[in-house]
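The structure appears below as structure tokens.
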Amino acid sequence: MSKKTLIVGNWKMNLNTAGASLLMHRLHERIKIHRDIEVVLAPNLLVLQPISVQIDRRKFRLAAQNAYQKDEGPYTGEVSFTMLQDLVHYVIIGHSERRIHFNESLDEVRDKVAACVRNDLTPILCVGETHNDRKAGESKQVLHDQVTTALSNLTSQEVENMVIAYEPVWAISTFGGELAKPDLVKSEMDFIRKQVADLYGQKVSERVRILYGGSVDNNVVSGFLAIEGCDGVLVGGASLNYHKFSGIVDVAYKLGHNGDSDG
Ligand code: PGA
């Protein structure tokens, strides 16, 4: 079974309800239903609820950008995976902004991934090295630690259903936005898949979806989607611009030779 190309828009801490609704409607006008492409929008928590009732679920799926690993209790200010169950399909976990600005540790990310699958939601686990890690020759070690820790409490079935996004921190627009070379991205994605194969076997590693993220827009996306083993992209800044984001979906459609459009 071939995998659908996954295009995820991470709106980060942007847009109030009116702004999110407007962007969603503009995307709805421009993006067609393609059988081989899955488009996922990740608005902030506050606007997830209103967006979830407006959204055309044949066209889009929703993701949350974060959640707390306990299901309920005295955790002031937090929202649990349990509370997101009817709202979203995916939850982004361990984004570098959370690891860096909110000190999310490897263990915390592992607990969030476990809470996510326990609540029947699909994790989009973000991993990636910093510029300093790369300079010190430690990229592989960092990716190894991030992947193996995050997956440590999961079954094969849970791993093959999840999504891993390779996002080198230095390539994310808000952390420098250096454009990564597809060759380098391929080598790190292959390495991530190999970590999954070592832990869960070849079949699971072939089935897990691996995305690329970091300064992806409609002009550069084709280089990443063309990488063998790249199952899609996680888009930050460009996902706030309906022209750029729908352009990314158009490129994915053109690259998918067997893609059918349903109008
Ligand atoms: P960017 O963000 O596309 O703005 O670089 C990607 C991300 O943070 O997921």
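The values are calculated or read from the model by the stated rules, or taken from the named source; none is laboratory data. Bear in mind that the values here come from a model prediction, so they are computed numbers and not experimental data. Don't worry about glycine lacking a Cβ; one is built from the backbone with ideal geometry, like all the others, and counts go over all protein chains shown. These accessible areas exclude ligands, DNA and RNA; they are computed on the full protein's heavy atoms, side chains included. Shrake-Rupley method; radii C 1.70, N 1.55, O 1.52, S 1.80 Å.
Once you have all Cα-Cα distances for the range 130-211, histogram them in 10 Å bins from zero and send the whole-percent values.
17, 50, 26, 6
For the chain, give me the percentage of DSSP beta bridges that are antiparallel, rounded to the nearest 5 percent.
Numbers: 1 of 31 bridges.
DSSP beta bridges in the chain are roughly 5 percent antiparallel.
Ratio of Rg to Rh for the range 5-256, alpha carbon only, Kirkwood?
Rounded to two decimals, Rg/Rh equals 0.94.
Residues with beta-carbon under 14 Å from that of Gly223, excluding Gly223: net charge, scoring Lys, Arg +1 and Asp, Glu -1? Write down the numbers at each step before the final one.
Values: positive: Lys181, Lys186, Lys254; negative: Asp183, Asp217, Glu228.
Residues near Gly223 contribute 0 overall.
Only four residue types carry charge here, +1 at the Cβ of Lys and Arg and -1 at the Cβ of Asp and Glu. Report the dipole size of the range 5-256 about the Cα centre in Debye, rounded to the nearest 20.
On the way: 27 positive and 31 negative charges, 143 e Å.
Result for the range 5-256 is approximately 680 debye, rounded to the nearest 20.
What FRET efficiency, computed as 1/(1 + (r/R0)^6) with R0 = 45 Å and r the Cβ-Cβ distance, is obtained for Leu87 and Lys203, rounded to the nearest 0.05?
Numbers: r = 31 Å, r/R0 = 0.70.
Working from the Cβ atoms, E equals 0.90.
Going by average Cβ neighbours within 10 Å, how do the peptides 65-78, 238-251 rank, with the highest at the top?
Values: 65-78: 13.4, 238-251: 19.9.
Most protected by this proxy first, the peptides run 238-251, 65-78.
Does the range 1-40 come out rounded, prolate or oblate by the C-alpha gyration tensor, with a ≥ b ≥ c the root eigenvalues, rounded set by a/c under 1.5 and, if not, prolate when a/b is larger than b/c and oblate if not?
Working: a/c = 5.09, a/b = 1.85, b/c = 2.75.
The shape class here is oblate.
Provide the gained length on full extension for the span Asn14 to Gln49, in nm with one decimal, where the gain is 0.36 nm per separating residue minus the Cα-Cα distance.
Values: separation 35, 0.36 × 35 = 12.60 nm, distance 1.54 nm.
Contour length minus Cα-Cα distance gives 11.1 nm.
Determine, from the Cβ-Cβ distance of Phe102 and Asn219 and an R0 of 41 Å, the FRET efficiency 1/(1 + (r/R0)^6), rounded to the nearest 0.05.
0.85
Could you grab the relative contact order for the range 5-256? Cα pairs under 8 Å, six or more apart, rounded to a whole percent.
Values: 468 pairs, mean separation 50.7, N = 252.
Relative contact order comes out at 20 percent.
Keeping every protein chain present and rolling a 1.4 Å probe, give me the accessible area per residue for the range 155-263 in Å².
Details: 4730 Å² over 109 residues.
Per residue, the range 155-263 has 43 Å² of solvent-accessible surface.
Once every DSSP H run of n ≥ 4 in the chain is given -39500 (n - 2.57) and the sum is divided by its residues, what mean residue ellipticity at 222 nm do you get, rounded to the nearest 500 deg cm²/dmol? Write down the numbers at each step before the final one.
Details: 12 runs with 114 residues, N = 263.
One gets -12500 deg cm²/dmol as the mean residue ellipticity at 222 nm.
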